[in-house]
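The values are calculated or read from the model by the stated rules, or taken from the named source; none is laboratory data. All values derive from a computational prediction rather than experimental measurement. Note that each Cβ is placed from the backbone with ideal geometry, even for glycine, and that neighbours are counted across all protein chains shown. Surface accessibility is based on the protein's heavy atoms, side chains included, excluding ligands, DNA and RNA. Shrake-Rupley method; radii C 1.70, N 1.55, O 1.52, S 1.80 Å.
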Amino acid sequence: VVWSKILDPETYVVVQTAPAVRAALGEEFGMEIGTNVTGKMVTALRNLGFDKVFDTNTAADLTIMEEGNEFLERLNNNGTLPMITSCSPGWVRYSEMYYPELLNHLSTCKSPHQMFGAMLKSYYAEKQGIDPKKMFVVSVMPCVAKKYERSREEMIEDVDAVITTRELAKMIKQAQMDFVNLPDSGFDSPMGEATGAGAIFGTTGGVMEAALRTLEEKLTGNTFAKLEYEPVRGEQGIKRATLNLNGKEVKVVVASGLKNAQTIMDEIKEGKADYQFVEIMACPGGCV
């Protein structure tokens, strides 16, 4: 489907790539695991024929601003707490199946790539004078659950196709590109710019850390009162921390892997949870 759209001169094909993809793609071409191949990846995507190459990190920034504000709104107005992140579609589906009575705890935010699809077909299309009906948005994701997410009834309009890191590698091989020796190039602007907060979305604790930066700025007015939140980092399955945000004590927990998610959800269900903000990712260690 993606190839046919690229080859159709009537279709404006836009691609966005998740932060985890750039750290995994090189492995498909014999490079050391974890090599950052952002520049080569962007060049390869342009060579494949995509009209614009954007960075999902841009939308991760949008997501975290929305999520941070939503959390503050709940915190200050006796909303449903703890608030739980909603950017991992495997986790969202799991919660729908096993904890339907707790769904009001989930953030109302779409995941970054879905949010980006909606932005591209509205704001960006309008600015560029493109008919959104002729736009085809492709997401390159580390995750097969994103394929399912794209097809959800309430989000079917946002993104038109999802391919995995491996499927992108197959396309590059089909095009017979010498990936390892490709020159570096940068994402298209203006929807290709992002902060480091967007980049850490792909690892466990990253979403929480990005949100805490936003919260700190909102509450204190200081842009970077604190940039790094070590307690929510690392590979442990469950990480708990108490943070002081402008005199307000906020308890947070980060869980990755659905077994650990179950532990946290059972605590909430049984009324034993004393924290206000929860990050959950379906995969151990997060997307990366």
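A few comments on the model shown:
- Search result, residues across segment 216-242 that are open to solvent by less than 20 Å² (accessible area, probe 1.4 Å) and at pLDDT 75 or above: LYS239, ALA241
- Number of the condition not met by GLY39 [criteria: (1) more than 30 Å from MET83 (Cα to Cα); (2) assigned to a loop (DSSP other than H, G, I, E, B)]: (2)
- Subset of segment 24-57 that is at pLDDT below 95 and in contact with an Asp or Glu (Cβ under 9 Å, 6 or more places away or on another chain) - its residue that is most open to solvent (accessible area, probe 1.4 Å): ILE33
- Per-region count, segment 243-258, residues open to solvent by 50 Å² or more (accessible area, probe 1.4 Å), outside any loop (DSSP other than H, G, I, E, B) and not basic (Lys, Arg): 3
- Candidates LEU75, LEU81 - the one that is part of a helix (DSSP H, G or I) and of a type outside the set (Val, Ile, Thr): LEU75
- Filtered residue count, segment 94-133, keeping only those that are in contact with a helix residue (DSSP H, G or I) (Cβ under 6 Å, 6 or more places away or on another chain), open to solvent by 30 Å² or more (accessible area, probe 1.4 Å) and within 30 Å of LEU7 (Cα to Cα): 2
- Each residue in segment 259-285 was checked for being open to solvent by less than 40 Å² (accessible area, probe 1.4 Å), touching a residue at least 40 places away in the same chain (Cβ under 8 Å) and either in contact with a Gly (Cβ under 6 Å, 6 or more places away or on another chain) or among the aliphatic types (A, V, I, L, M) (or both), and 8 pass.
- Conditions (1) in contact (Cβ under 8 Å) with a residue 60 or more places away in the chain; (2) part of a helix (DSSP H, G or I): number failed by PHE54: (2)
- Here LYS5 fits the description: in contact with a Phe, Trp or Tyr (Cβ under 9 Å, 6 or more places away or on another chain) and either in a loop (DSSP other than H, G, I, E, B) or open to solvent by 50 Å² or more (accessible area, probe 1.4 Å) (or both).
- Among the residues making up segment 12-36, those that are within 23 Å of VAL137 (Cβ to Cβ) and of a type in the set (A, V, I, L, M, F, W, C) are VAL13, VAL14, VAL15, ALA18, ALA20, VAL21, ALA23, ALA24, LEU25.
- Meets criteria (within 25 Å of GLU96 (Cα to Cα) and either touching a residue at least 24 places away in the same chain (Cβ under 8 Å) or of a type outside the set (Lys, Arg) (or both)) for ALA118: yes
- Flag if SER95 is small (Gly, Ala, Ser), over 15 Å from the mean Cα position of the chain (by Cα) and under 30 Å from GLU270 (Cα atoms): yes
- Flag if SER185 is open to solvent by 10 Å² or more (accessible area, probe 1.4 Å) and either of a type outside the set (D, E, K, R) or out of contact with any Phe, Trp or Tyr (no Cβ under 7 Å at 6 or more places or on another chain) (or both): yes
- Test: residue in segment 178-189 that is acidic (Asp, Glu) and at pLDDT below 95: yes
- A Cβ distance below 6 Å, combined with a sequence gap of six or more or placement on separate chains, defines the contacts here; from segment 129-157, residues that are more than 23 Å from ASP8 (Cα to Cα) reach residues that are open to solvent by 50 Å² or more (accessible area, probe 1.4 Å) in the pairs PRO142/CYS287.
- Any chance GLU67 is touching a residue at least 12 places away in the same chain (Cβ under 8 Å) and either assigned to a helix (DSSP H, G or I) or open to solvent by less than 30 Å² (accessible area, probe 1.4 Å) (or both): yes
- Counted residues, segment 134-171 - those being touching a strand residue (DSSP E or B) at 6+ places or on another chain (Cβ under 6 Å), in a helix (DSSP H, G or I) and surrounded by fewer than 18 Cβ atoms within 10 Å (Cβ to Cβ): 2
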